[in-house]
1. Candidates (i) 11.6; (ii) 17.9; (iii) 15.2; which is the computed mean projected area of the Cα convex hull in nm²?
2. Please give the Cα centre distance for the stretch 12-90 versus the stretch 97-156, rounded to the nearest Å.
3. Hey, what's the stretch 1-90 come to in accessible area per residue, 1.4 Å probe, Å²?
4. Which residue, 150, 100, 206, tops the fluctuation ranking in a GNM of the chain built on C-alpha contacts under 10 Å?
5. So which helices of the chain fit the span-like rule, where a helix is a whole DSSP H run, its Cα atoms reach 15 Å or more along the axis, and its mean Kyte-Doolittle is at least 0.0?
6. Which order do the peptides 18-27, 68-77, 115-124 come out in when sorted by mean C-beta neighbours inside 10 angstrom, highest first?
7. Connecting C-alpha atoms closer than 10 Å in a GNM of the chain, tell me which of 66, 105, 166 has the biggest fluctuation.
8. Beyond a 27 Å Cα-Cα separation, which of these cross-linked pairs lie in this structure: 32/180; 16/193; 32/243; 64/118; 64/193?
Amino acid sequence: MKVIDQMLELKNRNEKGLAVLIDPDKINNSKKNELIAACNASHISFIFYGGSLVQEEQANKHIKELKESVNVPVVIFPGHPLQIYPNADAILLLSLISGRNPEFLIGHHVVAAPYLKKSGLEVISTGYLLVDGGVPTSASYMSNTTPIPRDKPDIAACTALAGSMLGHDLIYMDAGSGAKIPISHEMIKQVKKSIDSPLIVGGGIRTKEQLYDACNAGGDIIVVGNAFENDPQMILEFGDFFKSKAYI
């Protein structure tokens, strides 16, 4: 089954999914192995893999290890247009629709397109919204774009609606790596009401209360990275949350 179909199936069953974000720029081999072991022992739906400075040889090796070690899809969350690793199951083709930098709306995609076609990867068109999480983020800096203010849910909802109308398979709202404050309940709720596609939410989620809030507001897939990097055993705790459907 395609990855996008698995995401749609979760949404259609009114279930939620947990995606573990692994950024190889931030973890050593020991921590990576601990993360993999926790993923295997937990109830997760996807692994997202990506970072700003990943080297191709290193990434292909890591993804091969992940594919051999876990039984969930490994999805590339690219920080660069040529982070295309055929060993993965799929790639999120991110269009930064919250910004006005043409390179991140279409320019990088033109460069990547022939490589993506050759890779054989499942390509998932993704409308990507950066939201202010209380601190400057790498994504905002690298893309030279301004995040949507966290107190402007109407702007986020209209942006997501436009992305959906443009044909994006997913909408991904992200407060960014290391965000101090997760995306607000009201913003997630308004975005969810404006679209029919699956909604991914990430950034700044460190507690089960925040996890519940993101799910309850309408997030279909919740992405957690930094919290798991600091304490891989939290994957077990968060996985139990999804297994028991504590978000209901």
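1. Here mean projected area of the Cα convex hull in nm² agrees with entry (i).
2. 19
3. 47
4. Evaluated over the chain, the most mobile residue of the options is 100.
5. 153-165
6. For the peptides 18-27, 68-77, 115-124, the packing ranking is 18-27, 68-77, 115-124.
7. Looking only at 66, 105, 166, the biggest GNM fluctuation is shown by 166.
8. 64/193
The values are calculated or read from the model by the stated rules, or taken from the named source; none is laboratory data. Bear in mind that the values here come from a model prediction, so they are computed numbers and not experimental data. Methodologically, a virtual Cβ is constructed for each residue, glycine included, from the backbone with ideal geometry; neighbour enumeration extends over all protein chains shown. Accessible surface areas use protein heavy atoms only, side chains included; no ligands, DNA or RNA. Shrake-Rupley method; radii C 1.70, N 1.55, O 1.52, S 1.80 Å.
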